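Student: Structure below; questions to follow.
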Amino acid sequence: KPGTGEMDVDPVWGPDGKSILFTSTRGGKPGVWVMNADGTEPKRICDGAQAEWSRDGKAIAFIRDEKVYTRDLESGEEKLLSDKDWPHCAGPVWSPDGKTIAFAARWDGPNAIYTIPAAGGEATKVYDKKGACGVHWSPDGTMLVYETEVHVCKIQPDGQKNRQLTFFGGVQRFPRWSPDGKHIVFCQGASEKGPWELYIISADGGTPVKLTEGASDMNPDWK
């Protein structure tokens with residue numbers, strides 16, 4: 001927000017297309033907020049960041065103090081999913097069936113992708129090479145897309161069929177599936193500092209299509 005020193009980041013469309021979750025430092029402390037799609041009626045939900053809707057829109061997963069939580073939006077009840085001794089968790093995302101949450105973490109080596117039951121339980125490591133993070137589920141729940149230090153890849157939740165999708169110069173990050181699962185939007189920058197431009201590529205790989213020119217776009221999402 002120009003002139004205020006406040007930042008609004010990590011926008012995520014609600015399942016109904018009418019609301020947007022985002023992280024904001026409004027008031028001086030990072031928090032999870034929701035607003036109407038036209039920007040009206042912003043409301044603070046809780047302390048935290050990097051929030052993601054459940055597919056029915058009734059709950060969110062988010063990060064607080066580098067740990068993964070879920071929160072029921074009606075009751076306000078919260079659940080700590082990641083163990084209290086796990087540091088450096090980020091980017092939790094719900095599976096389409098609402099049963100599993102994927103996230104990135106770094107507590108026993110480099111950045112890695114994990115899954116954990118949304119009801120609580122043991123985490124399972126999916127992939128731990130090349131600084132994997134920024135994970136998102138495909139709409140049918142059969143694949144995960146993620147970023148490495150420089151490229152976008154996809155992998156099955158069981159860790160099988162890992163495949164690199166981008167092979168271009170620079171850095172590709174912030175991948176998201178299209179609602180029909182046929183394409184992936186991502187950002188490309190000359191370096192890890194950007195500036196970022198938006199691209200779309202087939203979920204099977206191929207030649208990307210540039211959407212913006214000389215911009216600095218990050219964390220895109222599909223309506």
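The values are calculated or read from the model by the stated rules, or taken from the named source; none is laboratory data. Quantities reported herein were computed from a predicted structural model and do not represent experimental measurements. Glycine gets a Cβ as well: all are built from the backbone with ideal geometry, and neighbour counts include every protein chain shown. The area values use the complete protein model at the heavy-atom level, side chains included, leaving out ligands, DNA and RNA. Shrake-Rupley method; radii C 1.70, N 1.55, O 1.52, S 1.80 Å.
Student: Just flag the GluC sites (Glu not before Pro) in region 1-98 sitting in loop per DSSP whose Cβ has no more than 13 other Cβ atoms within 10 Å.
Tutor: When the GluC sites (Glu not before Pro) of region 1-98 are filtered for loop state and at most 13 Cβ neighbours within 10 Å, Glu6, Glu74, Glu77 remain.
Student: Here's something else I'd like to know. How large is Rg over Rh for region 105-223, taking Rg from the Cα atoms and Rh as the Kirkwood inverse mean of 1/r across Cα pairs?
Tutor: Radius of gyration relative to Kirkwood radius: 0.97.
Student: Go ahead and set up a Gaussian network model of the chain, Cα springs under 10 Å, then flag whichever of Trp86, Trp33, Trp137 fluctuates most.
Tutor: Trp86
Student: Same structure, new question: Shape of region 30-83 from its Cα gyration tensor (a ≥ b ≥ c, root eigenvalues): rounded if a/c is under 1.5, otherwise prolate when a/b > b/c, or oblate?
Tutor: prolate
Student: What does the accessible area per residue of the chain come to in Å², with a 1.4 Å probe and no ligands, DNA or RNA counted?
Tutor: Spelled out: the 1.4 Å probe surface of the chain, per residue, equals 50 Å².
Student: Right, next: At 1.4 Å probe size, with no ligands or nucleic acids counted, give the accessible surface of Lys29 in Å², nearest ten.
Tutor: 110 Å²
Student: Take the residue pairs Lys161/Lys193; Lys154/Lys182; Lys18/Lys193; Lys43/Lys99; Lys129/Lys161 and return only those whose Cα atoms are more than 23 Å apart.
Tutor: From the list (Lys161/Lys193; Lys154/Lys182; Lys18/Lys193; Lys43/Lys99; Lys129/Lys161), the Cα-Cα distance tops 23 Å for Lys161/Lys193; Lys18/Lys193; Lys43/Lys99.
Student: Leaving out ligands, DNA and RNA, and with a 1.4 Å probe, what % of the accessible surface on region 73-223 is carbon or sulfur?
Tutor: Result for region 73-223: 49 percent of the exposed heavy-atom area is carbon or sulfur.
Student: Rounded, prolate or oblate: pick one for region 56-162, where a ≥ b ≥ c are the square roots of the eigenvalues of its C-alpha gyration tensor, a/c under 1.5 means rounded, and failing that, prolate if a/b is larger than b/c, else oblate.
Tutor: Verdict is oblate for region 56-162.
Student: Could you tell me the accessible area of Met7 in Å² (1.4 Å probe, neighbours in place), rounded to the nearest ten?
Tutor: Roughly 110 Å² of Met7 is accessible to a 1.4 Å probe.
Student: Okay, moving on. For region 1-66 and region 131-156, write down the distance between their C-alpha centroids in whole Å.
Tutor: Value for the Cα centre distance between the two parts: 22 Å.
Student: Give the ranking of Leu165, Leu211, Leu80, Leu198 by solvent-accessible surface, highest area first, calculated with a 1.4 Å probe.
Tutor: The ranking, largest first, comes out as Leu211, Leu80, Leu198, Leu165.
Student: Put +1 on the Cβ of every Lys and Arg and -1 on every Asp and Glu Cβ in region 32-150; which of Val126, Trp53, Ile101 then has its Cα farthest towards the positive end of the dipole?
Tutor: Positive-most Cα among the choices belongs to Val126.
Student: Report, by chain and number, residues whose modeled amide H sits under 5 Å from the one on Leu211, excluding near sequence neighbours (fewer than 5 apart, same chain).
Tutor: The answer is Leu198, Tyr199, Ile200.
Student: How high is the relative contact order of the chain, in percent, counting Cα pairs under 8 Å that sit 6 or more residues apart?
Tutor: That works out to 10 percent.
Student: Leaving ligands, DNA and RNA out of it, work out the accessible area of Asp10 with a 1.4 Å probe and give it in Å² to the nearest 10.
Tutor: The value for Asp10 is about 40 Å².
Student: Å³ per residue of the Cα convex hull, for the chain?
Tutor: Convex hull volume per residue, Cα atoms: 129 Å³.
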